[in-house]
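Below you'll find the structure, written out as structure tokens, and then a few comments.
The values are calculated or read from the model by the stated rules, or taken from the named source; none is laboratory data. Bear in mind the structure is a predicted one, so any value in this text is a computation, not a measurement. Cβ atoms come from the backbone with ideal geometry, glycine included; neighbour counts cover every protein chain shown.
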Amino acid sequence: MNLSHKTAVVTGAGSGFGEGIAKYFAQHGATVVLADINLASAQRVADEIGAAGGSALAAYVDVSQSDSMAALVSQTVLATKQLNIFVNNAGTSHKNSSLLDVDEATFDRVFAVNVKSIYLSAIHVVPQFRAQGGGVFLNIASTAGVRPRPGLTWYNGTKGAAITMTKSMAVELAPDHIRVNAINPVAGDTPLLKQFLPGEDTPETRQKFVDTIPLGRLSQPLDIARAALFLVSDEAEFITGVCLEVDGGRCV
């Protein structure tokens, strides 16, 4: 699978799954735009990609703000003359707790980052894809949208929305040769893990979570990156509207 001569934007690329996806895409020839609200983190990853011989540039983005997403698309096209792949990876969560204990401001933020961002990517990226004759969206959703569990109700809702939007976007945009797929990772060893775990992040708490995954471990960024590479590649040219669990069997 080769992404040479393609430009990929990855949001939330300064850490976690986004960092893993960006580095893997660069290894397979893509020019990668690492977009993150933490520009220093994005620049670190871009520098590491460059040191390894890849092509990358860092960009600031607040995925919940239309002007910021518009600027990201403009910056990408100005710098690379194209935009072929857009990965909606940036995400956030509330702490695992009673659904009544999540305050309204936190609720609004989680939906803005996890759901509104997909809407904004469509608003600003689809015109560019149409002008180029096609493109690929990849939304990083979650097993939480397939097999929700108590304590993360509102987060679960955002990922259910991401899954449904992925399927609907895929059908509506297919005539434009725009593919839209999603990945549903099980929780991984990323900065968000502490939010997902009930109570304190201890080895015992982590083990209880791992025990619910048949293959016996948390997901790793490379697991998600490998699936992402296939779904955005030309080898998957007839695949759209798919929401792929990468979860060690948790959703079975």
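Among the residues of region 60-75, those identified as hydroxyl-bearing (Ser, Thr, Tyr) and touching a residue at least 12 places away in the same chain (Cβ under 8 Å) are Tyr60, Ser64, Ser66. When residues in region 1-30 are screened for being touching a helix residue (DSSP H, G or I) at 6+ places or on another chain (Cβ under 8 Å), buried (at least 24 other Cβ atoms within 10 Å of the Cβ) and either farther than 26 Å from Leu218 by Cα or among the hydrophobic types (A, V, I, L, M, F, W, C) (or both), 9 of them pass.
For first residues located in region 178-204 and over 21 Å from Ser168 (Cβ atoms) and in a loop (DSSP other than H, G, I, E, B), partners that are acidic (Asp, Glu) and at pLDDT 90 or above and lie 6+ apart or on another chain with Cβ distances below 6 Å form the pairs Val186/Asp247.
When Phe209 is tested against the conditions (1) in contact with a Ser or Thr (Cβ under 9 Å, 6 or more places away or on another chain); (2) more than 21 Å from Ile163 (Cα to Cα); (3) surrounded by 16 or more Cβ atoms within 10 Å (Cβ to Cβ), the lone failure is (1). Taken over region 162-173, the criterion of being surrounded by fewer than 20 Cβ atoms within 10 Å (Cβ to Cβ) and among the hydroxyl-bearing types (Ser, Thr, Tyr) is satisfied by Thr164, Ser168.
Evaluate the following for Thr205: is it at pLDDT below 95 and either among the polar types (S, T, N, Q) or over 19 Å from the mean Cα position of the chain (by Cα) (or both)? Taking the combined requirement at face value, the residue satisfies it. If you go through region 208-252 and keep only what is in a helix (DSSP H, G or I) and more than 17 Å from the chain's Cα centre (by Cα), you end up with Lys208, Phe209, Val210, Asp234, Glu235, Ala236. Scanning region 220-252 for residues that are touching a strand residue (DSSP E or B) at 6+ places or on another chain (Cβ under 9 Å), free of Cβ contacts under 8 Å to residues at least 60 places away in the same chain and among the small types (Gly, Ala, Ser) returns Ala227, Ala236. Of everything in region 110-161 that is aromatic (Phe, Trp, Tyr) and part of a helix (DSSP H, G or I), the residue that is surrounded by the most Cβ atoms within 10 Å (Cβ to Cβ) is Tyr155.
Do we find that Val102 is under 20 Å from Ile21 (Cβ atoms) and modelled with pLDDT of 95 or more in this structure?
Spelling it out, it is not the case that Val102 is under 20 Å from Ile21 (Cβ atoms) and modelled with pLDDT of 95 or more.
In contact (Cβ under 8 Å) with a residue 12 or more places away in the chain, surrounded by 23 or more Cβ atoms within 10 Å (Cβ to Cβ) and not in a loop (DSSP other than H, G, I, E, B): is that true of Val87 in this structure? Answer is yes for this residue.
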